[in-house]
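The values are calculated or read from the model by the stated rules, or taken from the named source; none is laboratory data. In this text the structure is predicted, and so the values were computed from the model without any measurement. FYI the Cβ positions are ideal-geometry reconstructions off the backbone, even for glycines, and counts take in every protein chain you see.
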Amino acid sequence: MRAVRQLVGPERKIFAVIKADGYGHGAAEMGSVFVANGADALGVADLAEGIRLRRRGITCPILVYPNSLPEAAPSALAHGLVPTLVDLEGARAYAEAATGPCDVFVKIDVGLERLGVPAEQAVKVITAMLELPHLRLAGICAHPHAPVGADPAYAEWQLGRFTAVVDELAARGVRVPDPPARRLALRPEIPPDLSQRRRSRTDALRHHVPRRDLAGPAAAHAPRAHDACHRAQGADPARALRRGWRRFR
């Protein structure tokens, strides 16, 4: 936690991800340690994980990502969980279930092609979501496709897609929480052996610009060469499902 805090600065919020029972180490135990050592919020993968943390006495903000199911809206809000929305159906469910202001995240698909609002449709969809009652945009997140050894230009292309959404929202008067929410965190795919794992971390740090404000000028589209790289890396829905940055308030 100290290393991450030094990397991102004191003004940014840190969401510690403890899904899958804290990756086998115990979600409540890991969550308590993270919060005690400076994490601002926790991240889990589904409603049940969030509820278990609440029942263990954890009171900090808990983000449910990468997708909060519409049918889970009443229970999620009753336990004070922050949903991640990927479509208007989910947004309507949370708007109907909310009885007051409801903070939500929206996930944008910038390259992994697994879950999220397609980057090209994100501004339109987010704008429509915010016309619904109660919903407040607490942040935008994305899960880039970051295979080991990928061309840095591929990561920059995805970063540019994310930034373009932020810029267009700002141009339309939609405020995305700032400052840390204008950040994108690359999460590399977990390689099979330790040597590759070390390399993946290095690649992630190489592509990560810790203090960059992603709301600044950025390319709104990518050259076809980057599209070719995207295809070459195999970022299609089927492969993404087999393989298994965030913008924070």
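Annotations for the structure displayed:
- Selection count, the range 98-116, where residues are within 21 Å of Ile62 (Cα to Cα) and of a type outside the set (Ser, Thr, Tyr): 12
- The set of residues from the range 62-82 being surrounded by fewer than 19 Cβ atoms within 10 Å (Cβ to Cβ) and assigned to a loop (DSSP other than H, G, I, E, B) comprises Leu69, His79, Gly80.
- Residue ID - modelled with the lowest pLDDT, chosen from residues in the range 111-129 that are crowded, with 16+ Cβ neighbours inside 10 Å and over 20 Å from Gly43 (Cα atoms): Glu113
- Selection within the range 156-183 - among the small types (Gly, Ala, Ser) and modelled with pLDDT under 90: Ala181
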